[in-house]
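Take a look at the structure below.
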Amino acid sequence: MEAEKKEKEDLVPIFIMGKRYEVPSSLTIQKAMEYAGYQLIRGCGCRGGICGACATVYRFPGSYKIEVGLACQTVVQPNMYLTQIPFFPATKSVYDIEKIKPTIETLVKAYPELLRCLQCNTCTKSCPMEIEVMDYIAAAMRGDVARLAELSFDCVMCGLCTARCPAEICQYNIAILGRRLYGKYIAPKAEHLASMVKEVEKGRYEQMLRELMDTDEETLKKLYNEREIEPEQAGEDWTPKDKTYL
Amino acid sequence: MPYTRELKELIKRVEATRPARVERKRRGEEFPVLSLKEREERLRKYHPDFKEGSRTEIRVGPSKGYAISPEIVNLLEAKSRVDPDAIDLTKVAYETDVLILGGGGAGTAAALTAQENGAKVLIATKLRHGDANTMMAEGGIQAATKGTKDSPYYHYLDVLGGGHFKNVPELVYTLVTEAPKVIAWLEGLGCMLTKFPEGQLKALHGGGTCRKRMHYAADITGAEIMRTLRDEARNRPEDIKVLEFCPAVELILNEYGHCAGAVLYNLETEEYFVVKAKAVIMATGGSGRLHIQGFMTTNHYGATGDGLILGYRAGVKLCFLHTVQYHPTGAVFPEQAEGLLITEKFRGAGANALNIDGEQFVNEREPRDVESASFIRECTEVGKGVPTPTGKVGVWLDSPMIDILMGEGAVKREFPGKYILFKRFGIDISKEPMLVYPTLHYQNGGLEYNSRCETSIPGFFAAGEVSGGVHGENRLMGNSLLDVCVFGRIAGVSAALYAKERFQEGRLTLDHVRRYHRELEEAGIITDRVAPMLLPDYSNPKVRERQLTTRYLGTIR
Ligand SMILES: Cc1cc2nc3c(=O)[nH]c(=O)nc-3n(C[C@H](O)[C@H](O)[C@H](O)COP(=O)(O)OP(=O)(O)OC[C@H]3O[C@@H](n4cnc5c(N)ncnc54)[C@H](O)[C@@H]3O)c2cc1C
Ligand code: SF4
Ligand code: SF4
Ligand code: FES
């Protein structure tokens, strides 16, 4: 009884697609919809703020402002009018990452509509991840692939920017093209990685590994216990004393 | 919700011990690590796997007698979602060379290599392509890439130590030798791995590593890998098709006992479809949403262990499911963030784990199971846990230390995702510590397979979290993203080659399901449980009471 009474006091009204429900005030929009009786199929993926499945827009009575959030990350507020936008059609250019270059031509060829951006900033205002969307689009228009990649890195591809863009641009797909171009062509290559791959392919570790595979558990435990641990605060140039198995 | 007044008072104790702890960290003085023997003892006494009632024997099927979590056994000892007699297997809705079940990391990696080996691919997945545990991985991906201090030899030893030396050697060998190649593959696809200005990959320690080999892409490593692989799959639309919101509910075999397709369920239109394939790859991931022993979980919405059920019914054995991985640091406050993973990298970057008095009680880099058991011990037997307003208990993770050790702004720079998240709840984690407790995280075991991803059924392959063996009894951080890339890629090649060279056309059948149903009956298991679960049940019981004309089959209406 006590608990029930307390729960009652904690309920707040929200409007899911215009219909009123009373839900506990501590819930996220996602859990509130479940509490209201929805069994989510669309609009729910990771439940942890990273997959972008749960894009939601809402408004409060008397306010002109369109607010946005990820349903799994946004706590309900009294009187919010909300709807999820679980899907919005997008443009996706098909390209061969091996054959393109990190240039403005690549971006414009893949997404010609990029040049239609009006710099209205609606996308930035629509982004639940607080990304400077317009700025990354501006970087794309200048052909600054590195900046495009950097500014868009936290994008969860929820599609809210795309849903609201008057120039009909699909920002997040331009962004991932930019990030892949950056990762492949602009970021300097990891040379130690390339040489390690070569050594593995040459079979440098083959024998020592095969020996380990045949070692009995007791000896393995001993080897494990005796392994030299790289200190937590060690710098890049740290090397172990025992180099036999390098 | 910001910290309550009571919690703010308790934080003062953490602040009081902080300067001395920072000094110790700077001097490289760590809390002593446990010996192997002490570790074993700690696990036995405090790890949930060893709790009374935590394991039940399976009464039917190829691993009959094997004792694992009752939550999984309940699903194994359940009927198919569909009556095999109700499905007309001659009505084939889709035909393909390679059918991949699950559009997460392993499934998508497999799609790419299967396509490169000449196969037409169909991915059928439960939610959207990429709504998967892979998307959620934050911390990193292990690989020995720095020859001056590390090699696959040390990686091998670490994997074994983490897995209690029970791992399948051949699988570990494949994992650690393929690791550098996989990182190079990701680099070549344009994955933005975090690097120094000259191009060396940055790397950190993870629990149980002897060398810093945890590579990462800021704090969204899995998302960066997943969205890159997905984008690449979408660049091959002629050969790789994707069916979203169409989970598999049963495997189809042919008259020779080879795997030859699957039955899919369209979650939106509620139709069942038959897919015919020359080879099938199971890549449905883990099972955190089964909430084993009532634990909260870090897993995505669709992690209900479906692949285990389907593979098992068709005749594949299960292994290493007797241990379950709890991640030591799941958020317990605020309530909205409950279960959410706080990556190990916080500890790697210097944050201490502390009890209510602000004291250390365990080394921060013990393997996950030992770390979790130590947290549980501190909160139960020792009684020095921190109580939360919702009646839970946790320990502090002292993130502000990172700003002191690495310079102001380090928390915000290195952990932008978590920083923003907690900020929204009114907590600045660069100034206030986080409250954490173990959370259900990873399915250590699964379907038995070999290093070519073959299972005991011809034409049926497995890869990723759904499979078991490579991590032994306990996976180390960063080895799972690696696992899904390594074995996903191998599964794709194996399945494509099988489709090309060994596939045999035959009549489709669901006889194995009928047999399984009979076996249930013979074992005296009369139940209306159905499996796979597909989605967890988060419905409101009061709403259910009023849904007078609604029928639920399992958790789904
Ligand atoms: C929060 C979190 C953090 C993590 N951090 C790390 C880390 O830092 N480093 C690391 O190495 N590992 C980490 N892991 C573990 C790692 O991410 C996963 O183990 C791994 O990505 C699993 O990949 P997978 O492809 O096997 O499964 P998933 O990526 O989960 O993909 C499985 C897919 O199959 C689909 N599916 C499920 N059932 C069906 C069905 N019946 N039919 C069709 N499709 C189905 C699912 O919807 C999903 O899309 C983390 C996991 C979590 C949850
Ligand atoms: S919403 Fe569209 S037009 Fe407006 S700034 Fe963003 S990209 Fe440009
Ligand atoms: S940039 Fe667009 S797609 Fe990306 S998170 Fe922001 S609103 Fe969503
Ligand atoms: S459910 Fe994935 S971001 Fe909300």
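The values are calculated or read from the model by the stated rules, or taken from the named source; none is laboratory data. Quick caveat: nothing in here was measured; it's all calculated off a predicted structure. Note: ideal-geometry Cβ built from the backbone for every residue, glycine included; neighbour counts use all protein chains shown.
Quick rundown of the values:
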{"quantity": "Sole exception among (1) outside the structural domain of residue B:125 (by TED's automatic domain parsing); (2) over 24 Å from the mean Cα position of the chain (by Cα) for residue B:80, by number", "calculated": "(1)"}
{"quantity": "Residues being part of a helix (DSSP H, G or I) and either closer than 18 Å to residue B:208 by Cα or within 12 Å of chain A (Cβ to nearest Cβ) (or both) - total across the range B:23-35", "calculated": "3"}
{"quantity": "Filter result (more than 8 Å from chain B (Cβ to nearest Cβ) and either of a type in the set (Lys, Arg) or closer than 22 Å to residue B:179 by Cα (or both)) within the range A:216-236", "calculated": "A:222"}
{"quantity": "Among the candidates B:498, B:437, residue that is more than 16 Å from ligand 1 (Cβ to nearest atom) and either more than 30 Å from residue B:50 (Cα to Cα) or crowded, with 24+ Cβ neighbours inside 10 Å (or both)", "calculated": "B:498"}
{"quantity": "Top-ranked residue of the range B:526-548 - restricted to ones that are away from chain A (no Cβ under 14 Å) and surrounded by fewer than 16 Cβ atoms within 10 Å (Cβ to Cβ), ranked as farthest from residue B:266 (Cα to Cα)", "calculated": "B:526"}
{"quantity": "Selection within the range B:216-228 - at the interface with chain A (Cβ under 9 Å from one of its Cβ atoms) and either part of a loop (DSSP other than H, G, I, E, B) or away from ligand 3 (no atom under 16 Å from the Cβ) (or both)", "calculated": "B:217, B:218, B:220, B:222"}
{"quantity": "Pairs, first more than 7 Å from chain A (Cβ to nearest Cβ) in the range B:178-192, second surrounded by 23 or more Cβ atoms within 10 Å (Cβ to Cβ) and modelled with pLDDT of 95 or more, C-beta under 6 Å, six or more apart", "calculated": "B:178/B:486; B:179/B:143; B:179/B:482; B:182/B:485; B:182/B:486"}
{"quantity": "Count of residues meeting criterion [over 24 Å from residue B:506 (Cα atoms) and among the aromatic types (Phe, Trp, Tyr)] in the range B:242-283", "calculated": "1"}
{"quantity": "Any strands (runs of 3 or more DSSP E) falling wholly within the range A:1-119 and containing at least 1 residues that are within 12 Å of chain B (Cβ to nearest Cβ) and away from ligand 2 (no atom under 16 Å from the Cβ)", "calculated": "A:19-24, A:67-70"}
{"quantity": "Out of B:119, B:144, sole residue that is among the hydrophobic types (A, V, I, L, M, F, W, C), more than 21 Å from the chain's Cα centre (by Cα) and within 8 Å of chain A (Cβ to nearest Cβ)", "calculated": "B:144"}
{"quantity": "Some residue of the range B:36-44 being buried (at least 19 other Cβ atoms within 10 Å of the Cβ) and either in contact with a Gly (Cβ under 7 Å, 6 or more places away or on another chain) or not in a helix (DSSP H, G or I) (or both)", "calculated": "no"}
{"quantity": "Close pairs (6 angstrom Cβ cut-off, 6 or more residues apart or separate chains): more than 16 Å from residue B:249 (Cβ to Cβ) in the range B:521-543, acidic (Asp, Glu) anywhere", "calculated": "B:525/B:77; B:538/A:34"}
{"quantity": "Some residue of the range B:477-492 being touching a residue at least 24 places away in the same chain (Cβ under 8 Å), in the same structural domain as residue B:155 (by TED's automatic domain parsing) and of a type in the set (D, E, K, R)", "calculated": "yes"}
{"quantity": "Every residue from the range B:277-318 that is outside any loop (DSSP other than H, G, I, E, B), farther than 19 Å from residue B:494 by Cβ and over 11 Å from the mean Cα position of the chain (by Cα)", "calculated": "B:290, B:292, B:293, B:294, B:306, B:308, B:309, B:312, B:313, B:318"}
{"quantity": "Count - residues of the range B:329-341 that are within 11 Å of chain A (Cβ to nearest Cβ) and in a loop (DSSP other than H, G, I, E, B)", "calculated": "4"}
{"quantity": "Unique match (being farther than 22 Å from residue B:485 by Cα and touching a His at 6+ places or on another chain (Cβ under 7 Å)) among B:262, B:314", "calculated": "B:314"}
{"quantity": "Residue ID - farthest from ligand 2 (Cβ to nearest atom), chosen from residues in the range B:457-513 that are of a type in the set (A, V, I, L, M), within 14 Å of another protein chain (Cβ to nearest Cβ) and not in a helix (DSSP H, G or I)", "calculated": "B:470"}
{"quantity": "Residue satisfying condition, being at pLDDT below 95 and of a type in the set (Gly, Ala, Ser), within set B:248, B:218, B:223", "calculated": "B:218"}
{"quantity": "Which numbered condition residue A:179 fails, given (1) more than 15 Å from ligand 2 (Cβ to nearest atom); (2) under 17 Å from the mean Cα position of the chain (by Cα); (3) surrounded by 23 or more Cβ atoms within 10 Å (Cβ to Cβ); (4) more than 20 Å from residue A:100 (Cα to Cα)", "calculated": "(4)"}
